[in-house]
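Below you'll find the structure, written out as structure tokens, and then a few comments.
The values are calculated or read from the model by the stated rules, or taken from the named source; none is laboratory data. The structure presented is a predicted model; accordingly, all values stated were derived computationally and were not measured. Please note: Cβ atoms are built from the backbone with ideal geometry, for glycine as well, and neighbour counts cover all protein chains shown. Quick note on the areas: whole protein, heavy atoms, side chains included, nothing else; ligands and nucleic acids left out. Shrake-Rupley method; radii C 1.70, N 1.55, O 1.52, S 1.80 Å.
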Amino acid sequence: MQEQELEQLAGRVASVIYTNDENGYTVLRLEVDDGSQAIVVGNIPMAAPGEYMTAWGNWTRHATHGEQFKASFSERTMPTGASAIFDYLSSRVIKGIGPATAAQIVGTFGDESLNVLRDHPEKLAKLRGITMQKAQEMSAQFRRQTGIRTLMEYLAAAGIAPALAMRLYRYYGEDALETVEENPYVLSGVRIGASFAEADALALANGVEADAPQRVAAALLFELRHNSENGHCFLPQDKLTAATAQLIEVEPGQIGEGLDLLLEEGEVVLEPVSNVTACYLAPLYTAEVYVAARLREMAGHTYEEHRVNVERVIEKLEAEQGIRFAPLQRQTLNAAASRQLVVITGGPGTGKTTSVRAVLALFDAMGLETMLAAPTGQAAKRLSTLTGRDASTIHRLLEASFSPETDSTVFRKNERETLRCDALILDECSMVDMTLMRAVLAAIGPGCRLVLVGDADQLPSVGPGAVFRDVIRSGVAETVRLTEIFRQRTDSRIVLAAHEIDHGQVPDLKANNGGFYFLRRREAETAAETIVSLCKERLPKNMSIPSDEIQVLTPTRKGEAGTEELNRRLQETLNPPVGGKNEFTFAGRIFREGDRVMQVRNNYDIGWKAADMTSGYGIFNGDIGYIRSIDPASGSFTVDFDGRLAEYVQEQATELDHAWATTVHKAQGSEYRAVVLAAVRTAPQLMYRSLLYTAVTRAAELLVIVGDDGVVRAMTENARRAKRYSGLRIRMLEDE
């Protein structure tokens with residue numbers, strides 16, 4: 001098909017009708033040179049009235065808005081002439097300048113207004129009502145705006161999102177454009193966040209050679225970062241070399257110079273681990289070495305003086321709670337009394353909660369100040385409910401915040417300001433990755449006891465490492481494996497099915513009792529229809545479980561039974577549009593008052609207020625809430641996270657997913673009254689035992705599996721654990 005020849009349109013921007021700051025998409029009205037007017041649409045970031053613009057594109061007809069000029073690319077120049085400059089400044093494109101101030105500036109300096117604003121703020125300070133400080137701030141804003149706009153146009157020409165220009169300018173200031181021209185790969189660094197493909201395309205277009213060391217180095221970093229997101233702390237050098245060579249289509253022998261460059265700059269570390277040469281990102285290497293050394297040291301520390309009679313504590317607890325501790329639970333208490341580091345692991349119904357309560361009571365009897373924490377808000381809430389004590393997320397416990405300077409998470413609690421406690425009990429430890437464990441260990445004092453609790457058979461952490469599993473496998477720490485299913489849980493088919501799956505036995509899918517049900521639906525479409533019916537009518541009506549206490553889980557985001565499609569169906573069914581219920585559309589998704597949503601990345605700047613008048617900052621990955629109100633006028637909306645009301649603006653909707661259905665990975669650490677699990681055919685890498693086991697163990701009272709019994713069988717029989725490259729276990733075994 002022959003490409004359509006681009007037409008040219010030129011004129012002055014009369015007004016900006018709509019702009020999306022996230023992607024630069026803009027709708028504007030152009031006063032064309034021939035005296036006509038045209039609506040121009042396209043990627044035109046930071047457009048403002050008064051500018052002169054030349055656009056190349058084609059005319060199209062919109063079904064609602066009529067004829068438009070769709071710009072493929074454009075060039076703009078700053079306005080010239082007093083009238084155009086006034087239109088530009090009075091549009092409030094420069095913070096601190098509105099129509100009145102614009103009239104004063106243009107009335108005094110005329111055609112030279114923008115030159116004065118940029119280079120001579122002291123002249124502005126002579127105008128009525130403008131102080132020297134305000135003049136300098138306006139000048140700095142103007143220089144920043146023009147710098148960012150030039151940067152945006154440069155990136156937009158390469159198809160790179162304008163939002164990245166803001167980050168570039170934050171770090172490199174007025175040198176940003178020169179920096180990215182010299183080394184386009186700064187775009188794909190952690191701070192800026194463009195994809196390697198975007199940065200690479202720009203670099204190659206600018207004449208960077210295919211085997212240039214800076215290109216190879218950027219590709220190596222991309223491979224290491226990408227694999228850290230898949231759980232690896234390092235990659236063997238030979239695998240890294242092969243993957244990088246394939247990525248940028250060079251010979252493996254051409255990788256060495258780029259790797260040497262990264263070693264010289266301290267961005268990566270090479271070190272033998274077992275029988276391979278491991279290549280680490282420097283921060284992950286530092287974290288792994290620290291975690292191994294600290295845990296090894298704590299594991300070797302014992303207390304001869306307990307200061308308490310453990311047997312008497314056990315007798316007292318048994319009398320108060322009307323229970324009889326099993327031998328392994330007694331072993332847990334003796335270990336907690338005598339050792340600085342204790343690990344408790346076990347499946348559902350094996351008494352982990354009873355053990356944690358007992359350890360907490362033991363520490364109380366010993367006069368120890370104990371803190372409780374878990375990786376997610378849901379897990380922390382559950383821990384608090386089960387123990388009757390305050391529990392916090394790890395991020396809140398460590399007082400996490402975001403550092404704009406490093407574009408990373410920082411923790412106020414660290415080696416310099418440790419937690420004020422004598423013991424820390426950390427639950428759901430299978431979710432804790434290497435970086436977060438390093439932060440935890442840095443924040444506890446030298447004598448602080450640490451109890452790690454979790455289920456080693458669940459999915460590992462989303463982030464790098466398999467810390468909990470590696471600590472257990474090392475054998476260095478005192479580990480209590482709880483294996484006995486207690487009598488009060490043996491009537492739960494959920495618990496029994498979970499243990500059967502964990503041992504590779506397919507549960508009886510025909511029994512349909514004891515809270516465990518299976519509904520065969522071989523096709524994803526019919527499975528999705530059944531899931532919606534269960535949530536809307538069948539479970540609320542037949543089981544007296546309200547829809548808001550049902551959580552749909554699925555292995556995948558894609559497909560008819562993936563989270564995206566299920567959430568669309570469930571929103572339509574459980575929270576349909578009605579008169580008086582506000583909504584807005586962002587990035588193709590509808591957000592409506594009453595929607596259940598999940599925060600999908602840590603945001604340390606969102607403020608929240610609770611009914612008890614407490615307030616704070618920070619909504620974290622995995623937090624689930626409901627949209628309580630939407631203000632169409634301001635574009636803001638309020639989300640209720642279990643009593644904490646957080647204010648969002650529409651652009652922050654990128655941080656939220658609808659949450660009637662979530663992936664099993666996102667459900668880690670949470671427990672729900674009722675779970676409906678979609679078991680349909682999906683990508684082979686998602687059909688394995690620990691994922692099914694994790695899904696089943698999320699249900700407290702009712703589990704309904706909807707799907708293909710062949711999928712349940714295949715997942716149960718697939719004991720594959722994705723290999724994670726980590727040196728933690730080996731380092732813990734090293735002699736000091």
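Can you give the relative contact order of the chain as a percent, counting alpha carbon pairs under 8 Å and 6+ residues apart? Answer for the chain is 9 percent.
Projecting the Cα atoms of V712, L728, A700 onto the dipole axis of region 693-736, where Lys and Arg carry +1 and Asp and Glu carry -1 at the beta carbon, places L728 farthest toward the positive end. For region 209-300, the Cβ-based charge dipole about the Cα centre amounts to some 500 debye (Lys, Arg positive; Asp, Glu negative; other atoms uncharged). Cross-link partners for K95 among the lysines, with Cα-Cα distance under 16 Å and sequence neighbours closer than 8 places in the same chain left out: K134. Accessible surface computed residue by residue for the chain, with neighbouring protein chains in place and a 1.4 Å probe, gives 46 Å² per residue.
With both labels modelled 7 Å from their Cα along Cα-to-Cβ, the Q145 to A103 distance reads 1.9 nm. Greater than 19 Å separation of Cα atoms is the criterion. Which listed pairs, K316/K381; K352/K510; K352/K381, meet it? Correct reply: K316/K381; K352/K510.
For K581, a cut-off of 24 angstrom between C-alpha atoms picks up these lysines, skipping any fewer than 8 places away in its own chain: K536, K609. Length available on full extension from R312 to A293: 0.36 nm per residue minus the Cα-Cα distance, which gives 3.3 nm.
Ordering D709, D34 by accessible surface, largest first, gives D34, D709; the 1.4 Å probe counts only protein heavy atoms, with every chain in place. Cross-link reach is defined here as a Cα-Cα straight distance under 23 Å, omitting same-chain residues fewer than 8 places apart; for K723 the lysines meeting it are K239, K666.
Rounded to the nearest 0.05, the FRET efficiency derived from the C-beta distance between I39 and S634 at R0 = 30 Å is 0.70. In this structure, the amide hydrogen of S492, modeled 1.01 Å from its nitrogen in the peptide plane, lies closer than 5 angstrom to no residue at least 5 positions away or on a different chain.
Per-residue extension of 0.36 nm, minus the Cα-Cα distance of A242 and R721, leaves a gain of 170.1 nm for this segment. Counting only protein heavy atoms and a probe of 1.4 Å, the accessible surface of the chain is 48% carbon and sulfur. About the centre of its Cα atoms, the chain shows a dipole size close to 2620 debye [charges on the beta carbon of Lys, Arg (+1) and Asp, Glu (-1) only; nearest 20 debye].
Spatially, region 38-88 and region 199-278 are offset by 42 Å when compared through their Cα centroids. Using only alpha-carbon positions in region 119-250, the gyration tensor eigenvalues give semi-axes of 40, 15, 10 Å once each is multiplied by 5 and square-rooted (largest first).
Given R₀ = 22 Å, what would the calculated FRET efficiency be for E112 paired with R92, taking r from the Cβ atoms and rounding to 0.05? With a Förster radius of 22 Å, E is 0.55.
Could you tally the net charge around C429, taking each other residue with its Cβ under 13 Å from the Cβ of C429, Lys/Arg +1 and Asp/Glu -1? Summing Lys and Arg as +1 and Asp and Glu as -1 gives -4. Taking GluC sites (Glu not before Pro) across region 258-340, the ones in a DSSP loop with at most 14 further Cβ atoms lying within 10 angstrom of their Cβ are E265, E304, E305.
In terms of its C-alpha gyration tensor, region 456-528 comes out oblate, because a/c is 1.5 or above while a/b does not outweigh b/c.
Sequentially through region 314-330, phi angles give Karplus couplings (6.51, -1.76, 1.60; θ = phi - 60°) of 4, 4, 5, 5, 4, 5, 5, 9, x, 10, 10, 5, 6, x, 5, 5, 5 Hz, Gly and Pro residues having no value and appearing as x. For region 399-494, applying the loop criterion from DSSP together with a ceiling of 14 other beta carbons within 10 Å to the trypsin sites (Lys or Arg not before Pro) yields R412, R416, R420. Placing K510, K239 in order of accessible area, with the largest value first and a 1.4 Å probe, yields K510, K239. With Cα atoms defining each centre, region 418-469 and region 657-686 are spaced 24 Å apart in the structure. Summarising the label geometry, the points placed 7 Å from Cα in the beta-carbon direction at M166 and R389 lie 4.2 nm from one another. Pairwise Cα distances in the chain exceed 42 Å for 41 percent of all pairs. Amide H contacts of E369: D422, A423, each under 5 Å away and 5 or more positions distant or on a separate chain (H built 1.01 Å from N in the peptide plane; Pro and chain starts excluded). The packing ranking, built from the mean of other Cβ atoms within 10 Å per residue, places the peptides 170-183, 43-56 in the order 43-56, 170-183, highest first. Using only side-chain charges placed at the Cβ, +1 for Lys and Arg and -1 for Asp and Glu, the dipole size of region 1-135 relative to its Cα centre rounds to 760 debye. Per-residue 3J(HN,Hα) values for region 448-456, derived from phi via the Karplus relation 6.51 cos²θ - 1.76 cosθ + 1.60 with θ = phi - 60°, read 6, 7, 9, 10, 9, 10, x, 10, 5 Hz in sequence order (x marks Gly and Pro). Note on the chain: dipole from Cβ charges, positive end direction compared against T286, P45, P99; the farthest Cα belongs to T286. Length available on full extension from E564 to K126: 0.36 nm per residue minus the Cα-Cα distance, which gives 151.9 nm. For the set S474, S195, solvent exposure ranked by accessible area (probe 1.4 Å, protein chains only) runs largest to smallest as S195, S474. Provide the FRET efficiency to the nearest 0.05 for the A587-F73 pair, computing r from the beta carbons and using R0 = 25 Å. Plugging the Cβ-Cβ distance into 1/(1 + (r/R0)^6) gives 0.60.
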